[in-house]
Amino acid sequence: MFIKGFTYGFDGKRGDYRTPEAAASMERLAALGGDWAALAFVVLQDSFSSTVIRPDYRYTVTDKDVITAADKLHALGLKVCMKPMVNSADGVWRANIFFPEREWGDKDYWKEWFSSYTAFLCHYAEIAEETGCEMFCVGCEMLGTEHKEEYWRNAIAEVRKVYSGEIVYNTNHGREFGVKWWDAVDYIGTSAYYGVGKCPGDSLENMCAEWEKQKERLAELSRANGGKQVIFMEIGCRSAKGCAMMPYDFSHKEYPYDEDEQANFYESALCSMWDEPWFAGYFWWDWYTKIPNRSPEMGFSVVDKKAEQVVKKWYAKSR
């Protein structure tokens with residue numbers, strides 16, 4: 001397995017995947033020369049401590065939206081990883097979803113939450129099966145829940161009852177060794193927002209040197225799990241000076257525009273990881289539902305930026 005991919009659709013709301021703008025964006029994505037797309041979308045729970053996950057019919061993408069996007073991406077020649085994600089409506093990062101370790105009164109919070117989460121996964125796993133999606137992601141950065149090994153194994157087993165493709169889980173950078181149930185999935189996934197820049201506007205050479213340190217860790221992770229391949233389920237960097245130091249950043253709006261730093265981050269990650277046999281590829285973050293028309297656009301998009309040409313150059317290569 002080697003994935004030349006991008007994440008699509010995370011910014012989408014109800015109906016957005018079925019617009020001419022969405023179709024044009026997917027066509028532009030396919031023109032990069034890659035072969036995969038991660039179809040990422042969000043369903044909310046009310047707060048980080050809620051035990052019920054449910055759609056908000058004003059905003060949540062519908063099943064018809066998801067099917068339309070999966071079918072369109074397939075028609076463009078891309079394989080699809082369906083990636084349903086849970087977010088908290090109170091703004092707390094999903095990594096902080098957490099409950100008491102013991103029952104309170106007659107309520108077992110962990111049991112109730114995993115019951116809802118497993119049903120959530122199986123709903124979309126059935127759609128992934130019906131639309132022929134080649135991969136399914138069972139979770140993204142759910143750090144506060146990862147220690148509940150028995151519940152995770154049960155959730156994955158339930159997904160496998162309705163879905164026959166490959167399964168991946170997406171932990172967060174630096175936390176890969178904390179997951180004790182990698183044997184239950186087919187691929188090890190991580191959000192690879194490693195701070196390989198050490199100063200604003202850092203050079204390509206310095207970023208490549210920092211990637212060498214991460215390669216040692218990730219190669220050991222693969223070896224420790226029987227040679228299972230590692231996928232960068234998320235990786236990206238905004239086009240703003242200093243963001244390679246913290247590629248996950250989306251909040252600082254005061255940084256100056258910088259295409260070169262973003263392009264160096266992309267180039268360094270591609271040239272450093274490309275030939276590693278334990279590495280299974282990239283789902284870059286993030287390809288928007290609509291092609292950006294703002295100039296300059298200082299987010300994660302690479303459209304009409306130097307990083308877009310970097311991706312095209314590498315995705316034209318074979319491995």
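The values are calculated or read from the model by the stated rules, or taken from the named source; none is laboratory data. Owing to the predicted nature of the structure, the values given are computational and were not obtained by experimental measurement. A quick note on method: Cβ atoms are made from the backbone with ideal geometry, for glycine too, and the neighbour counts reach across all protein chains shown.
Side notes on the structure shown:
- Scan the range 76-91 for residues that are buried (at least 21 other Cβ atoms within 10 Å of the Cβ) and hydroxyl-bearing (Ser, Thr, Tyr) and the total you get is 0.
- Single residue of Ala89, Ala125, Ala70 found to be at pLDDT below 95, farther than 24 Å from Gly178 by Cβ, touching a strand residue (DSSP E or B) at 6+ places or on another chain (Cβ under 8 Å) and among the hydrophobic types (A, V, I, L, M, F, W, C): Ala89
- Only residues that are in a loop (DSSP other than H, G, I, E, B), out of contact with any Lys or Arg (no Cβ under 7 Å at 6 or more places or on another chain) and under 25 Å from Ile3 (Cβ atoms) were counted across the range 228-249, and they come to 8.
- The set of residues in the range 244-256 that are within 26 Å of Trp93 (Cβ to Cβ) and surrounded by fewer than 24 Cβ atoms within 10 Å (Cβ to Cβ) comprises Met245, Met246, Tyr248, Asp249, Phe250, Ser251, His252, Lys253, Glu254, Tyr255.
- Subset of the range 5-31 that is surrounded by 23 or more Cβ atoms within 10 Å (Cβ to Cβ) and not in a helix (DSSP H, G or I) - its residue that is nearest to the chain's Cα centre (by Cα): Thr7
- Of the residues contained in the range 213-227, none is found to be in contact with a helix residue (DSSP H, G or I) (Cβ under 9 Å, 6 or more places away or on another chain), under 26 Å from Glu259 (Cβ atoms) and part of a loop (DSSP other than H, G, I, E, B).
- Scanning the range 290-300 for residues that are touching a strand residue (DSSP E or B) at 6+ places or on another chain (Cβ under 7 Å) and free of Cβ contacts under 8 Å to residues at least 60 places away in the same chain yields a count of 1.
- Any hit, the range 93-108, residues being without any contact (Cβ under 8 Å) to a residue 60 or more places away in the chain and closer than 15 Å to Thr289 by Cα: no
- Residue match in the range 58-75 (condition: crowded, with 18+ Cβ neighbours inside 10 Å, on the phi < 0 side of the Ramachandran plot and assigned to a strand (DSSP E or B)): no
- Boolean, Gly34 is within 15 Å of Ile67 (Cα to Cα) and buried (at least 22 other Cβ atoms within 10 Å of the Cβ): no
- Hits in the range 1-44 (condition: acidic (Asp, Glu) and modelled with pLDDT under 95): none
- Top-ranked residue of the range 257-313 - restricted to ones that are part of a helix (DSSP H, G or I) and of a type in the set (D, E, K, R), ranked as surrounded by the most Cβ atoms within 10 Å (Cβ to Cβ): Glu261
- Residues (in contact (Cβ under 8 Å) with a residue 60 or more places away in the chain and either more than 25 Å from Lys215 (Cα to Cα) or of a type in the set (D, E, K, R) (or both)) located in the range 262-289: Glu267, Glu276, Asp286, Trp287, Tyr288, Thr289
- The strands (runs of 3 or more DSSP E) found entirely in the range 135-202 that carry 3 or more residues being among the hydrophobic types (A, V, I, L, M, F, W, C) and either crowded, with 18+ Cβ neighbours inside 10 Å or touching a Leu at 6+ places or on another chain (Cβ under 6 Å) (or both) are 135-140.
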